[in-house]
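Chemist: Let me give you the structure first, and then I'll get to my questions.
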Amino acid sequence: MIAETAARLRENIQKVIVGKDDIIDLALIAMLCEGHLLLEDVPGTGKTTLAKTIAASLGCTFRRVQFTPDLLPSDLTGIYYYNQKAQEFEYRSGPIMSQILLADEINRATPRTQSALLEAMQERQVTVDVATHRLPRPFLVLATQNPIELEGTFPLPEAQLDRFLMKVAIGYPDEEGENDILLRFEKSDPLVSLQQVVQPQEIIQMQSDVRQINVEASVRRYLVQVCRATREHEEIALGASPRATMALYHTCQARAAIEGRTFVIPDDVKIMTPHVLIHRLIVNPQTRLRGRTAEDVIREVVDTVPVPVEAS
């Protein structure tokens, strides 16, 4: 059922997003894991369009917030105001009380505003004054940041980066894909006529079902060994946390589910590890000076940890 629903969603999103099937799958995996995505890429690669397309396909409420240095935490979470007619304080919700929130250029807001997202992303609730409000489900934060323009930005602290399930880059389309984009958007925007294909309640049920995907003991131990290897690697100053291990575990379950399997295989671990760990690791300065990136080190770790084999 999960694979069929995911295929239906993927096909619908592909009507707008061209040639990025792997990115679509990662977004679906994040949603099934009740996680959040950090999209780091240059402007114009389709980050906003992806968020709007997912929201339209699910029939979810969608809000976009342009993060700027003068954005306040209350601009996200909402405020209590005094209603003179009712003679009492009432809560006016902010854009965070939506099912899909696009936090555009999140690193342009001050750390105080960035931290307003922490409670929402981790606990699915916001606290305003002394009152706590539950967020609607499903709830997905898609945050974007531009890796090129760093002037006037506030880099996300490690605590906040760790709240994002995955960090991905959409990247430029290939020549054929870019040509298809021109043809598809030539006369109209396909997003305008995009139809809802899945109910939000179906996604909530799928989120529960994904947790039932089987992870055999040897595969689970392989996953743990990959994460632990990052803490012992000489080129890594800060390795994967236990939260990262849990994130990798759940994303592997979700990937197996959308592939139509009821069990996780080692290839799931290999494929998901770079996306889940890349923003959680800090490589040594000497490693960066040698031109090696966190992704290079992660792939080396994955290649060196022995893969479990099926007994004959």
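Chemist: Looking only at the range 239-257, count every residue that is under 18 Å from Leu37 (Cα atoms) and either free of Cβ contacts under 8 Å to residues at least 24 places away in the same chain or not in a loop (DSSP other than H, G, I, E, B) (or both) and tell me the total.
Modeler: The number of residues fulfilling the criteria is 13.
Chemist: Right, another one. List pairs: first residue in the range 78-89 and under 15 Å from Val128 (Cβ atoms), second residue assigned to a loop (DSSP other than H, G, I, E, B) and modelled with pLDDT of 85 or more anywhere in the structure, Cβ distance under 9 angstrom, at least six positions apart or on different chains.
Modeler: Pairs found: Gly78/Gly94; Gly78/Pro95; Gly78/Ile96; Gly78/Met97; Ile79/Gly94.
One line per residue, one yes/no per condition, for (1) of a type outside the set (A, V, I, L, M, F, W, C); (2) touching a strand residue (DSSP E or B) at 6+ places or on another chain (Cβ under 7 Å):
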position: Gln225; (1), (2): yes, no
position: Leu238; (1), (2): no, yes
position: Ser241; (1), (2): yes, no
position: Ile271; (1), (2): no, no
position: Ile278; (1), (2): no, yes
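Chemist: Show the residue pairs meeting these rules: Cβ distance below 7 Å; 6+ apart or different chains; first residue within the range 182-195 and closer than 11 Å to Thr53 by Cα; second residue assigned to a loop (DSSP other than H, G, I, E, B) and of a type in the set (A, V, I, L, M, F, W, C).
Modeler: Sorted first by the residue in the range 182-195, then by its partner, the pairs are Pro190/Val16; Leu191/Val16; Leu194/Val16.
Chemist: Oh, and also: Looking only at the range 287-299, which residues are touching a residue at least 12 places away in the same chain (Cβ under 8 Å) and either in a helix (DSSP H, G or I) or of a type in the set (Phe, Trp, Tyr) (or both)?
Modeler: Narrowing the range 287-299 to residues touching a residue at least 12 places away in the same chain (Cβ under 8 Å): 287, 292, 294-295, 297-299.
Within the range 287-299, Thr287, Ala294, Glu295, Val297, Ile298, Arg299 qualify.
Chemist: Before we move on, is Arg243 in contact with an Asp or Glu (Cβ under 7 Å, 6 or more places away or on another chain), surrounded by fewer than 23 Cβ atoms within 10 Å (Cβ to Cβ) and closer than 17 Å to Lys167 by Cα?
Modeler: On the way: in contact with an Asp or Glu (Cβ under 7 Å, 6 or more places away or on another chain): yes; surrounded by fewer than 23 Cβ atoms within 10 Å (Cβ to Cβ): yes; closer than 17 Å to Lys167 by Cα: yes.
It is true that Arg243 is in contact with an Asp or Glu (Cβ under 7 Å, 6 or more places away or on another chain), surrounded by fewer than 23 Cβ atoms within 10 Å (Cβ to Cβ) and closer than 17 Å to Lys167 by Cα.
Chemist: Can you work out which of the residues in the range 166-199 that are in contact with a strand residue (DSSP E or B) (Cβ under 7 Å, 6 or more places away or on another chain) and among the hydrophobic types (A, V, I, L, M, F, W, C) is surrounded by the fewest Cβ atoms within 10 Å (Cβ to Cβ)?
Modeler: Let us first name the residues in the range 166-199 that are in contact with a strand residue (DSSP E or B) (Cβ under 7 Å, 6 or more places away or on another chain), namely 166-170.
Subsequent filtering for residues that are among the hydrophobic types (A, V, I, L, M, F, W, C) retains 166, 168-170.
Values: Met166: 24, Val168: 22, Ala169: 16, Ile170: 21.
The residue in question is Ala169.
Chemist: Tell me the residue from Ile203, Ile258 that is under 30 Å from Leu71 (Cβ atoms) and hydrophobic (A, V, I, L, M, F, W, C), please.
Modeler: Numbers: Ile258 fails: under 30 Å from Leu71 (Cβ atoms).
Just one listed residue meets the conditions, Ile203.
Chemist: A further question follows. In the range 10-85, which helices (runs of 4 or more DSSP H) lie fully inside it and hold 2 or more residues that are assigned by TED's automatic domain parsing to the domain that holds Gln145 and more than 17 Å from Pro190 (Cβ to Cβ)? Quick ask: steps written out before the conclusion?
Modeler: Working: elements: 21-32, 47-58, 73-77.
Where helices (runs of 4 or more DSSP H) fall fully within the range 10-85 and carry at least 2 residues being assigned by TED's automatic domain parsing to the domain that holds Gln145 and more than 17 Å from Pro190 (Cβ to Cβ), they are 21-32, 73-77.
Chemist: Here are Val269, Val283: which of them is over 21 Å from Glu40 (Cβ atoms) and in contact (Cβ under 8 Å) with a residue 24 or more places away in the chain?
Modeler: Values: Val283 fails: over 21 Å from Glu40 (Cβ atoms).
Among Val269, Val283, only Val269 is over 21 Å from Glu40 (Cβ atoms) and in contact (Cβ under 8 Å) with a residue 24 or more places away in the chain.
Chemist: Related question: Sort out which residues of the range 58-79 are under 25 Å from Ala27 (Cβ atoms) and of a type in the set (A, V, I, L, M, F, W, C), and write them in order of number.
Modeler: Across the range 58-79, the qualifying residues are Leu58, Cys60, Phe62, Val65, Phe67, Leu71, Leu76.
Chemist: Further, regarding this structure: Among the residues of the range 52-59, are any surrounded by fewer than 20 Cβ atoms within 10 Å (Cβ to Cβ) and either over 27 Å from Leu183 (Cβ atoms) or over 19 Å from the mean Cα position of the chain (by Cα) (or both)?
Modeler: yes
Chemist: Sticking with this one: Given Thr110, Thr144, which one is hydroxyl-bearing (Ser, Thr, Tyr), out of contact with any helix residue (DSSP H, G or I) (no Cβ under 8 Å at 6 or more places or on another chain) and either crowded, with 17+ Cβ neighbours inside 10 Å or over 22 Å from Ile24 (Cβ atoms) (or both)?
Modeler: Values: Thr144 fails: out of contact with any helix residue (DSSP H, G or I) (no Cβ under 8 Å at 6 or more places or on another chain).
Testing whether each residue is hydroxyl-bearing (Ser, Thr, Tyr), out of contact with any helix residue (DSSP H, G or I) (no Cβ under 8 Å at 6 or more places or on another chain) and either crowded, with 17+ Cβ neighbours inside 10 Å or over 22 Å from Ile24 (Cβ atoms) (or both) leaves just Thr110.
Chemist: Need the failing condition index for Ala7 against (1) assigned to a helix (DSSP H, G or I); (2) of a type in the set (A, V, I, L, M); (3) surrounded by 14 or more Cβ atoms within 10 Å (Cβ to Cβ), just the number.
Modeler: (3)
The values are calculated or read from the model by the stated rules, or taken from the named source; none is laboratory data. Model, not experiment: these values are computed from the prediction. Virtual Cβ from ideal backbone geometry, glycine too; neighbours counted across all protein chains shown.
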